[in-house]
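The values are calculated or read from the model by the stated rules, or taken from the named source; none is laboratory data. If you're wondering where the values come from, they're calculated on a predicted model, not measured in any experiment. Cβ: placed from backbone, ideal geometry, glycine included. Neighbour counts: every protein chain shown.
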Amino acid sequence: MNFRQRSPVWAALVLCALATPVLADDLTAEVMHPWTSGGESAAAKVFADKFTAAGGVWIDRAIAGNDALLAAAMNRIIGGDPPSASHFNTGKPFEELIEAGLLRDVDTVAKSEGWAAVIPKVFLDAVTRDDKIMAVPINLQTENWIWYSGEVFEKSGVGEPPQNWDDFFAAADKIKAAGYIPMALGGGSWAERFVFQKVLVSVAGPELYLRVLKDRDGEALKDAKVQEAFAVLGKLRQYADSGAASRKWNDATNLVITNKAGFQIMGDWAKGEFAAAGLTPGKEYGCTLFPGQEVSIMSGDVFVMPKLKDAQRTQAQDLLAHVLFAPETQIAFNIKKGSNPIRQDVDVSSMDVCARHAAEVLKDPARQVPNPQFLMTNDGLGAVRDVITTYWNTPAMTPGEFSDALGKVLASVD
């Protein structure tokens with residue numbers, strides 16, 4: 001595809017450029033992102049290559065880890081040395097920058113290309129302020145996947161993927177008895193919060209999940225299904241190995257890839273690691289949504305565009321926004337990343353069986369469940385994460401004690 005021929009926005013930009021002689025590096029974009037693992041790097045390269053093919057110059061600023069990237073991006077933008085674009089998670093994390101007037105909108109590109117008609121409403125609302133689109137959404141992530149090794153299943157005598165939590169624990173016991181790690185865990189406290197929210201939806205259901213994390217309903221915490229979810233979370237602790245605390249999430253994925261572990265609870269970005277290793281879902285490994293709830297706990301990645309003083313760099317931002325959202329880019333990037341295109345008008349038939357299944361689930365708004373990043377601020381998420389980490393690392397702590405501690409935190413956060 002020739003991006004400049006197909007986009008009316010880009011055509012207008014080219015006409016403006018022809019009116020005034022410019023240098024090639026005038027379409028340079030410095031892009032900050034956290035994608036450093038094998039699968040992530042391959043996905044980031046799709047963006048870089050597409051932007052270069054469209055006439056831009058991509059300057060890569062990769063910083064490992066979402067938290068580290070967020071801190072670095074915030075420091076640069078607030079400090080007056082903004083990049084052309086920076087990755088953020090969809091939801092409230094970039095709210096502070098919008099309120100400070102440090103981000104520009106991408107409405108000219110978005111309106112010309114009809115973005116609003118093809119972005120799911122929950123995501124459109126998350127990136128829109130005062131009727132203007134303030135970030136470029138690039139994917140739909142389904143977070144509540146369980147990934148499993150076909151070889152470990154076979155050698156442990158596990159037949160089918162678990163249909164309920166009793167099945168999961170029975171399979172984990174067989175895997176452990178066969179000498180494998182039942183559940184590969186890595187990523188530290190964010191991964192522990194990650195498991196918590198998935199178990200809460202799986203056992204208690206989306207309605208109670210939202211009452212707990214969105215409404216901060218203290219009575220919901222006392223519900224028997226919520227208490228059951230907390231008990232399941234506590235039981236999962238015994239299936240992680242001693243190396244989990246210091247392990248990165250992608251190193252945990254590698255334990256499943258190399259048939260050293262049976263399961264990993266992780267979002268669809270883990271699939272990018274399997275792809276980078278040359279594995280195919282349904283063959284060497286499998287995917288199943290969390291037992292009990294055939295829903296998608298959704299999150300996504302966006303790129304924000306800080307306000308810049310240089311007109312040519314601003315023009316490069318417009319080109320970048322167009323390239324990131326283009327249908328061909330969406331398919332190519334998300335195949336590498338493991339996620340689904342944010343655009344609902346693209347054909348996903350070329351994608352793998354897990355992505356196609358997620359796409360079917362995501363068609364139904366009733367089965368779309370927002371990640372907590374849609375529901376509370378970064379400070380709130382951090383406070384919730386701390387109490388979950390305490391529970392996960394304190395086996396003597398009961399579900400009731402955890403519930404009381406979580407209730408106090410939720411009552412105090414934004």
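Observations on the model:
- Just one of the listed residues (345, 318) is in a helix (DSSP H, G or I) and touching a residue at least 60 places away in the same chain (Cβ under 8 Å), namely 318.
- Taking segment 199-213 as the range and being within 16 Å of residue 366 (Cβ to Cβ) and either out of contact with any Leu (no Cβ under 9 Å at 6 or more places or on another chain) or among the basic types (Lys, Arg) (or both) as the test, the residues that pass are 205, 206, 207.
- Exactly one residue among 385, 356 is more than 28 Å from residue 304 (Cβ to Cβ) and assigned to a helix (DSSP H, G or I), and that residue is 356.
- Residue check, residue 127 modelled with pLDDT under 95, more than 18 Å from residue 303 (Cβ to Cβ) and touching a strand residue (DSSP E or B) at 6+ places or on another chain (Cβ under 7 Å): no
- Residues located in segment 86-101, provided they are within 18 Å of the chain's Cα centre (by Cα) and on the phi < 0 side of the Ramachandran plot: 86, 87, 88, 89, 90, 92, 93, 94, 95
- Filter pass, residue 271 being in a loop (DSSP other than H, G, I, E, B) and at negative phi: no
- Count of segment 169-196 residues which are under 19 Å from residue 391 (Cα atoms), buried (at least 19 other Cβ atoms within 10 Å of the Cβ) and among the hydrophobic types (A, V, I, L, M, F, W, C): 7
- Residues of segment 104-141 classified as crowded, with 19+ Cβ neighbours inside 10 Å, in a loop (DSSP other than H, G, I, E, B) and hydrophobic (A, V, I, L, M, F, W, C), total: 4
- Test result for residue 58, part of a loop (DSSP other than H, G, I, E, B), touching a helix residue (DSSP H, G or I) at 6+ places or on another chain (Cβ under 9 Å) and not assigned by TED's automatic domain parsing to the domain that holds residue 293: no
- Pairs, first without any contact (Cβ under 8 Å) to a residue 40 or more places away in the chain in segment 269-296, second surrounded by 18 or more Cβ atoms within 10 Å (Cβ to Cβ) and not β-branched (Val, Ile, Thr), C-beta under 6 Å, six or more apart: 279/285
Conditions tested, residue by residue: (1) of a type outside the set (Gly, Ala, Ser); (2) on the phi < 0 side of the Ramachandran plot; (3) part of a loop (DSSP other than H, G, I, E, B); (4) outside the structural domain of residue 163 (by TED's automatic domain parsing).
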residue: 275; (1), (2), (3), (4): no, yes, no, no
residue: 286; (1), (2), (3), (4): no, yes, no, no
residue: 308; (1), (2), (3), (4): yes, yes, yes, yes
residue: 323; (1), (2), (3), (4): yes, yes, no, yes
residue: 350; (1), (2), (3), (4): no, yes, yes, yes
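- Spans of helices (runs of 4 or more DSSP H) in segment 184-244 with at least 3 residues at pLDDT 95 or above and aliphatic (A, V, I, L, M): 189-204, 206-213, 224-236
- Residue that is surrounded by the most Cβ atoms within 10 Å (Cβ to Cβ) [pool: residues in segment 58-98 that are under 19 Å from residue 27 (Cβ atoms) and touching a residue at least 40 places away in the same chain (Cβ under 8 Å)]: 86
- The set of residues from segment 193-220 being charged (D, E, K, R) and within 15 Å of residue 144 (Cβ to Cβ) comprises 193, 198.
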